[in-house]
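Inspection log for the structure reproduced underneath, given as C-alpha cells.
A short reminder: the numbers here are calculations on the coordinates, not readings from a lab. What you see is a predicted model; the values in this text were computed from it and never measured. Here the Cβ is made from the backbone with ideal geometry for all residues, glycine too, and neighbour counts use every protein chain on show.
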There are 2 protein chains.
Amino acid sequence: MSRFFSQKYAGLVPYTPGEQPKERKYIKLNTNESPFPPSAAALKMASEALTTLQLYSDPECRQLVQAAADYYRVGKDEILFTNGSDEILDFAFMAFCDESTPAVFPDITYGFYSVFAELHHVPYEQLPLREDFTIRVEDYLDVQKTVFLANPNAQTGVALSRDEIERIVKSNPKHVVVVDEAYVDFGAESCVPLIHQYDNLLVTQTFSKSRSLAGARLGFGIGSAALIRDLNTIKYSTNPYNVNSLTMAAGIGALQDDGYRAKNCAAVMKTRAETAAALRELGFLLTDSSSNFLLARHPGISGKILYQKLRERGILVRHFDTPRLCEYNRITIGSEGQMKALLAAVREILEEDV
Amino acid sequence: MSRFFSQKYAGLVPYTPGEQPKERKYIKLNTNESPFPPSAAALKMASEALTTLQLYSDPECRQLVQAAADYYRVGKDEILFTNGSDEILDFAFMAFCDESTPAVFPDITYGFYSVFAELHHVPYEQLPLREDFTIRVEDYLDVQKTVFLANPNAQTGVALSRDEIERIVKSNPKHVVVVDEAYVDFGAESCVPLIHQYDNLLVTQTFSKSRSLAGARLGFGIGSAALIRDLNTIKYSTNPYNVNSLTMAAGIGALQDDGYRAKNCAAVMKTRAETAAALRELGFLLTDSSSNFLLARHPGISGKILYQKLRERGILVRHFDTPRLCEYNRITIGSEGQMKALLAAVREILEEDV
C-alpha cells in the first residue's frame, strides 16, 4: 500500500482469480472454461469488426442489444451489456445496495459478492447452506436485504427451481433480487421469463461459459427498464465504452449460432454425468451439479492433497481453502479426453495414498 | 430512477459520450478518433487470438505488460492496463481521493473528471484556465489535493511542458498528480521519464488515439510500483479480467509496429497545421493545439449554429454547451480529404451567414 492509498480501501482483500500458470502446459479444469472453441459465426463477426477498430465502440451496443432482446424476448431497454458479468454485478452492488440497504447471499457462493460488498462498504450477511450444500429458500423470504443468488450456485453447482426463486423474488418486493445465471445453460431454469412480472428481479448472465467466449469478456443483465436505467446511470458514470467492438461483434455471432451453444451444452452435460458416475464409483461424494463443473470430495484423501497431486500430474482443478470447502475440489467439465486423463490421474493417486 | 436505486447515486449526472448517430453516414470529426486503420501487426495479433477465446484472458496481461515495459523503459510492476483509460482514471479517483483528499483540475478539461469525483463522493475544485485557455501552473503548486491534469489538455489541446508539470509534481509530495496523456503523441512531452524520480506521479495513456484502437478499449497507467499496487487492489476488487484477449493481443501488435504510429502522428500533425492555417485565414480563432483536434471559434457565427450547420451537411464536430466553450467547436483532425470537406462546408456556411 502506498502512502497515498485512500483509507476507504485500506482493508480491502481483492478477489483471487483461478491460477493461470504459464510455466508448463496444464489440463485446465480450474476456471470453468468451455472445452469447445467459440462458434465460427462469433469468430467471423469479430474478425470482420477488426477493420474499423480505429472507431469507438458503440456505447449503447445497439446491434448486440437488438440481437439479445430478440433472443431473450425482452425489450431493448430491459438489457444491458458489460465487460464480463463481474461488471454488471459490480454495478448492481453500487445501484441497489448501500449502508442502509445490506446485501445477503449464501456462505458458499461466488467469492466476488463479498469483495463487491466490502469495496462499496455494503453491510452483508452470508447465510449458511444446508449440510448438503443446498440453499434454504425460507432463509431468503422477506429478508429485507438485496439478495444475490447464483443459480446454479457457484462452487456447488446446485440449482434452485424457477418456482423457488420466484417465491424469493415475490416475498421481497422492496428489494432487488439478483439472480446470477452464469451457469444456467448447463441444466437449470432461467428466471429471464419472470422479469415482466417482477420489477425487483435482475438476471445476470455471461458469454464466458456456454458460449465459449471467456476471453472476450461479455456479460449482461436483464430486468425491468427502470432497473436497467439505474445500471446505465452507473455505467455512464464509470465506463461508457465498456464493451469493445470485437467482443460486441463476437456476441452477435454467438447469439446467431445458438445451435452450436445447445450442442456444446448437451455434450458437457453428458460428460458431466459420465464423470460424476466414474468419480462416485471411485468413492467420491458429489453435489448434484447443474453446472459445467463438479464439486467432489473423497473420504480417503484431503481436498488439498488431491489438488496438489493432480497439479503435479499436470492437471489443474480449483481448491478453496475455506472451512466448508477445503475437503472438496471443483472440477471443470472439460473434453472427454481431458476427463479421461483426470480420472486416470485420480485413480493413480488413490491407489498410492488410500 | 427505480425505487430501488441507492440514494448514494441519486443525483449523479453521467458522462455524455460524443454522439454516434447511425441514421446517416457522417464525416465523424467529433470523438478524436484516428483517420488511419490500426496497424496491420495489431490486427494480425488480434486475429490470431481469436482461436483461444474460450479461455479467460490473462488477468495480469503478462505479455502486454512486458511489451509495454520494454517500450516505455519502466518495470513490469510500474504499469497497469485497463479497459480504456477511463478505467484507470476511475481507479485513480478511487485509490487516491476520498472525502478528506479532494481532487483538483481545470474548469475546462476532460468532462469525466467531475463525473468520477461525483460518483465517488470526492470533493473537487475546478480551477479556471486563463482567458487564452492556458493552465496557470502556479495554481497547482502545493495545492494539497490530488491533481488531475490532461496534457495536452482535453477540449483545448494546449500542452504544458514536462518542466512545468515537474514543478507541479515536485511541489505536491503528499498528493498524487495524475497526468492524463491521452493526446501526448501529437506533439507534447510525456512525463513517463519522471516516474522514477517522483513516487507521487501517475501517467495515464490510451491506445485509442495515436494507435488507432479506440474500438478495442485499451488504456494504462505508469507510476511507482507502490501506486500500481494500489491500483491493482482496486482492479482485483472490481474486474480482474478487465482486458479481453483480443485487445491484449492488438496492443502487443501495436507496440511492435511503432513506426506506423509515428508515421500517422506526423501525418495528423501536418494536417493539423494546414487545417489551422486555413481556418485562421477564414477568420477563426484557435488555441495552440498539440492534440489530434482543433478548438476553434469564429467571431461571425455562434459555435452552436456552426455545429448545427455542419451537421446538416453531414459533418459532425463536438460542441460543448458550457459557458466558456459554447462559442467553440472541437474538430478532430481527420484525413486530408475529410479536412478539405470540412473547410469547404465551413466556407459555404460563412458565405451564407456572415
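Quick notes on this one:
- The label-point distance for B:THR134 and A:ARG229, in a model that sets each label 7 Å from Cα toward Cβ, rounds to 4.7 nm.
- Footprinting exposure proxy for A:GLU138, B:GLU131, A:GLU327 (fewest neighbouring C-beta atoms within 10 Å first): B:GLU131, A:GLU138, A:GLU327
- Shielding value for A:99-108 is 1, the average number of Cβ atoms from other chains within 10 Å of each residue's Cβ.
- Debye log10 I(q)/I(0) for region A:107-162, one point scatterer per Cα, at q = 0.13, 0.16 Å⁻¹: -0.33, -0.50
- Note: the protein assembly as shown, Cα convex hull, 144 Å³ per residue.
- Counting beta carbons within 10 Å around each of B:VAL184, B:VAL177 and listing the fewest first gives the order B:VAL184, B:VAL177.
- Here A:GLN7 and B:ARG347 are evaluated by their C-beta separation; at R0 = 60 Å the FRET efficiency comes out at 0.55.
- Anchor B:LYS22: lysines whose Cα lies under 19 Å away (excluding residues fewer than 8 positions away in-chain): A:LYS76, B:LYS309
- Furthest towards positive pole of dipole, B:PRO17, B:ALA68, B:PRO102, structure part chain B, Cβ charges: B:PRO17
- Within the protein assembly as shown, percent of DSSP bridges classed antiparallel, to nearest 5: 55 percent
- For region B:166-241, size of Cβ-based charge dipole, Lys and Arg +1, Asp and Glu -1, in debye: 180 debye
- Selected from B:ARG73, B:ARG330, B:ARG162 as most flexible by GNM, with chain B as the system and alpha-carbon contacts under 10 Å: B:ARG73
- For region A:40-256, the equivalent ellipsoid built from the Cα gyration tensor has semi-axes of 29, 18, 16 Å, listed from largest to smallest.
- Helix A:336-353 axis, angle to chain A major axis (alpha carbon atoms, nearest 10°): 50 degrees
- Using alpha-carbon coordinates, inclination of helix B:62-72 to the longest axis of chain B, degrees: 60 degrees
- Highest to lowest packing among B:23-30, B:50-57, B:211-218, A:81-88, scored as the average C-beta count within 10 Å: B:211-218, A:81-88, B:50-57, B:23-30
- Positive-end residue of B:PRO152, B:LEU218, B:ALA250, charge dipole of region B:40-256 with Cβ unit charges: B:ALA250
- Degrees, to the nearest 10: A:162-171 long Cα axis against longest axis of chain A: 50 degrees
- Considering only chain A, percent of DSSP beta bridges that pair antiparallel, nearest 5: 55 percent
- Total charge dipole magnitude, chain B, about the Cα centre, Cβ charges on Lys, Arg, Asp, Glu only, Debye to nearest 20: 840 debye
- As a proxy for reagent exposure, B:CYS265, B:CYS61 were ordered by neighbouring Cβ count within 10 angstrom, fewest first; the result is B:CYS265, B:CYS61.
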